[in-house]
Structures are given as structure tokens and as C-alpha cells.
Amino acid sequence: MPPIPPVTKALMLICVGLYCAGLLLPREFEVLLALWPLQSGLFWPWQLVTYAFLHGSMLHLFFNMFGLWMFGTEIERLWGPRRYLQFLLASVLTAAA
């Protein structure tokens, strides 16, 4: 099995780390990172990106990381890290909109 490319590995570690932090820290931690509607009073600009790293359950995290490993590894190798990150950022921002 070939090694996981650096961007994919970093994204997987960030997601797992934030999931574990969400289990250990107070609920307000996730409220600051989750994406909220503009008029809710809870919206902050960084949420347009940070919501993508949050997961609701261990099963949700597992299948997302499995998909990231399975597809992200090949896409990063094919496109390179810069284009891969641009694609992911565009996807996250589009989904937020």
C-alpha cells in the first residue's frame, strides 16, 4: 500500500484531532466552528471553512476519512497538492453557500 500524500494526511489528522477535541472540550467549542446562518448571531467568517472539519459521530468520521483516504490520495497524486487544496477549498465554500 503506497503512503498517504501530505495534504490528505494533514486533513485526516485535523479532522480526527477536532473530533477528539470536541469530545473533550465544552460544547461552545463546536458552536464556534460549526456553520451558522448569517442572521443567527452565531455566524463568524472562519466558519465558512471550519465546518468542513466537524463530524457528528464516530461512524460519520470513519466513513469521511475512508473516502478521503480512498479518493483524496489518488486525486492529490494526480493533481498535486496545490490544485488538490484549491479543489477542496472550492468544494467547501460552494457547499457553505
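The values are calculated or read from the model by the stated rules, or taken from the named source; none is laboratory data. Everything numeric in this text was worked out from a predicted model, so none of it was measured. Cβ sites come from the backbone with ideal geometry, for glycine too, and all protein chains shown count toward neighbours. Heads up: the accessible areas ignore ligands, DNA and RNA and are worked out on the full protein's heavy atoms, side chains in. Shrake-Rupley method; radii C 1.70, N 1.55, O 1.52, S 1.80 Å.
General observations
- Relative contact order for the chain: 36 percent, from Cα pairs under 8 Å spaced at least 6 residues apart, divided by residue count.
- Longest to shortest principal axis, alpha-carbon extents of the chain, angstrom: 44, 28, 17
- Legend: calculated FRET efficiency, GLU74 to PHE29, from the Cβ-Cβ distance at R0 = 30 Å, rounded to 0.05, equals 0.35.
- Probing with 1.4 Å while keeping every protein chain in the model, the per residue accessible area of the chain equals 69 Å².
- Taking all protein chains together and a 1.4 Å probe, the residues LEU25, LEU38 rank LEU38, LEU25 from largest to smallest accessible area.
- For the pair SER40 and HIS60, a Förster radius of 25 Å applied to the C-beta separation gives a FRET efficiency near 0.65, rounded to the nearest 0.05.
- Fraction of accessible area attributable to carbon and sulfur, the chain (%, probe 1.4 Å): 75 percent
- Among complete DSSP H helices in the chain, those whose alpha-carbon atoms stretch at least 20 Å along the helix's long axis and whose mean Kyte-Doolittle hydropathy reaches 0.0 are 6-24, 81-96.
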